[in-house]
Amino acid sequence: MKQLTFDAVVIGGGAAGMAAALELDARGHSVLILEREDTLGGILMQCIHNGFGLIEFNEELTGPEFAQRFEEEVGSRHIQASLRTTVLDIREEGGLKAVYCVSPAQGMMRVESRAIILAMGCRERNRGNIRIPGTRPAGIYTAGLAQRLVNIEGYIPGRDVVIIGSGDIGLIMARRMSWSGCKVHAVIEILPYPSGLTRNIVQCLNDFGIPLHLSHLVTDIYGEDRVEGIEVTPIESGALMHEKAFKIACDTVLLSVGLVPENELSRNAGIEIQPTTNGPWVDSALMTTMPGVFACGNVLHVHDLVDYVAEEARRAGANAAAWLSGYRPAREIRAKTGSNIRYVMPMRINPERENRLYMRSLVVKNDARLEVRLDGNVVKSRKLAHVQPSEMLSLTLIPEDLAAAGRDSTVEIALV
Amino acid sequence: MGCHLAVDTDERGEMKVTGNRCVRGEQYAREEIFNPKRVVTFTCAAVLPDGSVPGPESNLPRRVPVRTTIAFPKERIPELLGALRGMTIRLPAVRGSVVLKKALDTEVDVIVARSIASE
């Protein structure tokens, strides 16, 4: 078995993995990227639409363009990447980390390192996850799979489409399918508000006159060999209104019903997973419960913008570099969720450093205020014109904000 | 992400945009009402230097992503898509290279969005 040694190993060569690797390299550490696909870039490669990079590059790029900018940087710094390589296991062996992986070119490999960055991204929830009743015919795809078929393989999965869930990938696919000459009949969303970004509702549904049925549930799928249609039932005051159910004929159903961080490897390694995010528990340095193993990007929590992924991943890379050089935080205090906040990332704060926090709202609200309370006292607050669960919030805490923090202090983030 | 714009007309019939935090918002609102435009992205079939199509054993992609350089008039998008559907792009493809100059006699070019080698 081939043996390799690096200071750090990055698992996943998407936006997060590349951004983290660049940061480690810039700080003088040897780093190897392990990537399962033929190319670096991850899911960006099939996201041919524009809207990426507004924060990162101050211009609107397509996914492949965004990926290629990072890829060129990785190439120019001669950072090593092992493509077509699948990681099987992460272990602690002899005080070091061992990553076991396999590729057609090298066979089985064991890569030894002192730090690991988890950057495996996320998976789509599928029909089984949301338990849609009905037959099991051909023609049911997750939106991301359909996106890959259309944009990379060059196949059209069907002609008459219904999209279940109003997540961003579903909305993007509504436009993509319409532009490919298909008819998108409706988008069905169980919640009373859309799950995707507002710009996608406007540009991907309204532009094409595609109806968005909010507070509606798909209660049946018909068809023997191929999908023939679905049954849609309105929800009023939390109850299914069966007498108002209606049918939509279609030959294709696309599911855009959420993403789940891909943590099979982390779980097997014994890393603790948070139920609120489905990603690893991390401290103020984005380090998991396995010392020396860091997490960033969609494997940590699902982001709505790749720009945020890159920012977070750079931080993870820089923190891993600091850890490799022996830095340990002197103390950390707890970050917890207050009213209307689903989660705060990370769950620990270093009062001696700058802390960038991401959080998600539980509610749709206008004229909201984001409040940071240190042991009950408001130390920072920000007005927000509009918040919704689909749009991630962020804020930065500097040491001055936390000057009053004691050993057992708690920072609470609340939306009021 | 972005601002929530409101568009109204004042007492003299002039268009008034509120809710924007920078000048781009007002320009966008004006354009969105009088001449809506969208960046169009698509993929075209890739062909190898000898004119053949990458086979199933090949590591080369079968599609090449393309985009309009700037936003394209919305009502003419179906016409543009018609032109792109029949197009093939010969590998190697170079990011930024023009595949359709002044598309449909507009000021908008269609360019390759990703460099792809031919082997």
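Relative contact order of chain B: 22 percent, from C-alpha pairs under 8 Å at least 6 residues apart in sequence. Of the residues B:K37, A:K247, the one with the fewest other Cβ atoms within 10 Å heads the list, and the complete ranking is A:K247, B:K37.
Net charge dipole, segment A:126-257: roughly 300 debye, given to the nearest 20, about the Cα centre with Cβ charges of +1 for Lys and Arg and -1 for Asp and Glu. Short to long, the 10 Å bins of the Cα pair-distance histogram for chain B hold 12, 32, 24, 18, 10, 3, 1 percent of all pairs. Basic side chains Lys and Arg get +1 at the Cβ, acidic Asp and Glu get -1 at the Cβ, and with that the dipole of chain A about its Cα centre reaches some 600 debye. To the nearest ten degrees, helix A:306-324 and the longest principal axis of the Cα atoms of chain A are 20 degrees apart. Computed over chain A with a Gaussian network model linking Cα atoms closer than 10 Å, the most mobile of A:T142, A:T289, A:T396 is A:T396.
Helix B:23-34 and the longest principal axis of the C-alpha atoms of chain B enclose an angle of approximately 80°. Under a Gaussian network description of chain A, with springs only between Cα atoms under 10 Å, the residue in A:E112, A:E153, A:E60 that fluctuates furthest is A:E153. Note on A:R382 and A:A322: their simple-model spin labels are 2.0 nm apart, each label 7 Å out from Cα toward Cβ. For chain A, relative contact order (Cα pairs under 8 Å, six or more residues apart, normalised by length) works out to 15 percent. Packing, taken as the mean count of other beta carbons within 10 Å per residue, orders the peptides A:157-167, A:35-45, A:330-340 from highest to lowest as A:157-167, A:35-45, A:330-340. Between A:S166, A:N58, A:C296, the Cα set farthest toward the positive side of the dipole of chain A (charges on each charged residue's Cβ, about the Cα centre) is that of A:C296. Averaged over the residues of peptide A:42-53, the number of Cβ atoms from other protein chains lying within 10 Å of each residue's Cβ is 3. Mean residue ellipticity at 222 nm, helices only, the protein assembly as shown: -5000 deg cm²/dmol; runs of at least 4 DSSP H residues each add -39,500 (n - 2.57), and the sum is divided by the number of residues.
Across chain A, Cα-Cα distances exceeding 35 Å account for 33% of all pairs. The convex hull built on the alpha-carbon positions of segment A:30-70 has an orientation-averaged projected area of 3.4 nm². At an R0 of 35 angstrom, the distance between the Cβ atoms of A:R334 and A:A26 translates into a FRET efficiency of 0.65. The relative contact order of segment A:142-299, computed from alpha carbon pairs under 8 Å that lie at least 6 residues apart in sequence, is 20 percent. Legend: calculated FRET efficiency, A:R77 to B:D10, from the Cβ-Cβ distance at R0 = 51 Å, rounded to 0.05, equals 0.40.
The slack between A:L240 and A:R69, meaning 0.36 nm per residue of separation minus the straight C-alpha distance, is 56.7 nm. Each eigenvalue of the Cα gyration tensor of segment A:332-416, multiplied by 5 and square-rooted, gives one semi-axis; in descending order these are 22, 12, 11 Å.
If you run the Gaussian network model on chain B, springs between alpha carbon atoms under 10 Å, then out of B:I33, B:I89, B:I70 the most flexible one is B:I33.
In chain A, taking the dipole from charged Cβ atoms about the Cα centre, the farthest positive-side position among A:G258, A:L305, A:A269 is held by A:A269. Ranked for footprinting exposure by Cβ neighbours inside 10 Å, fewest first, B:F34, A:F66, A:F208 give B:F34, A:F208, A:F66.
Taking every DSSP beta bridge that has both ends in chain A, the antiparallel portion is near 60%. Sorting A:178-185, A:94-101 by average packing, meaning the other beta carbons within 10 Å per residue, from highest down gives A:178-185, A:94-101. Residue pairs exceeding 22 angstrom between C-alpha atoms, taken from A:K365/B:K16; A:K336/A:K380; B:K16/B:K102: A:K365/B:K16; B:K16/B:K102. Note on segment B:43-119: antiparallel DSSP beta bridges, both residues inside, total approximately 75 percent of the bridges counted. Computed from the C-beta positions of B:R24 and B:A83, the FRET efficiency with R₀ = 22 Å rounds to 0.15.
Taking other Cβ atoms within 10 Å as a rough exposure proxy, A:V10, A:V232 sort from fewest to most as A:V232, A:V10. Taking the C-alpha atoms only, the angle from helix A:63-76 to the longest principal axis of chain A is near 20 degrees. With both labels modelled 7 Å from their Cα along Cα-to-Cβ, the B:L60 to A:E92 distance reads 4.9 nm. For the residues of A:305-311, the average number of beta carbons from a partner chain within 10 Å of their own beta carbon is 0.
Summarising the label geometry, the points placed 7 Å from Cα in the beta-carbon direction at A:D375 and B:V53 lie 7.0 nm from one another. Every Cα-Cα pair in segment A:17-121 was counted, and those over 18 Å apart are 54% of them. For the peptide B:60-67, the mean number of other protein chain Cβ atoms found within 10 angstrom of a residue's Cβ is 6. Remark: segment A:290-343 carries a charge dipole of roughly 340 debye about the Cα centre, counting +1 on each Lys and Arg Cβ and -1 on each Asp and Glu Cβ. Between B:C3, B:F72, B:S97, the Cα set farthest toward the positive side of the dipole of chain B (charges on each charged residue's Cβ, about the Cα centre) is that of B:S97.
Every number here is computed from the coordinates shown, using simple stated rules; none is lab data. This structure is a prediction, so every number in the text was calculated from the model and none was measured. All Cβ positions, glycine included, derive from the backbone under ideal geometry; neighbour counts span all protein chains shown.
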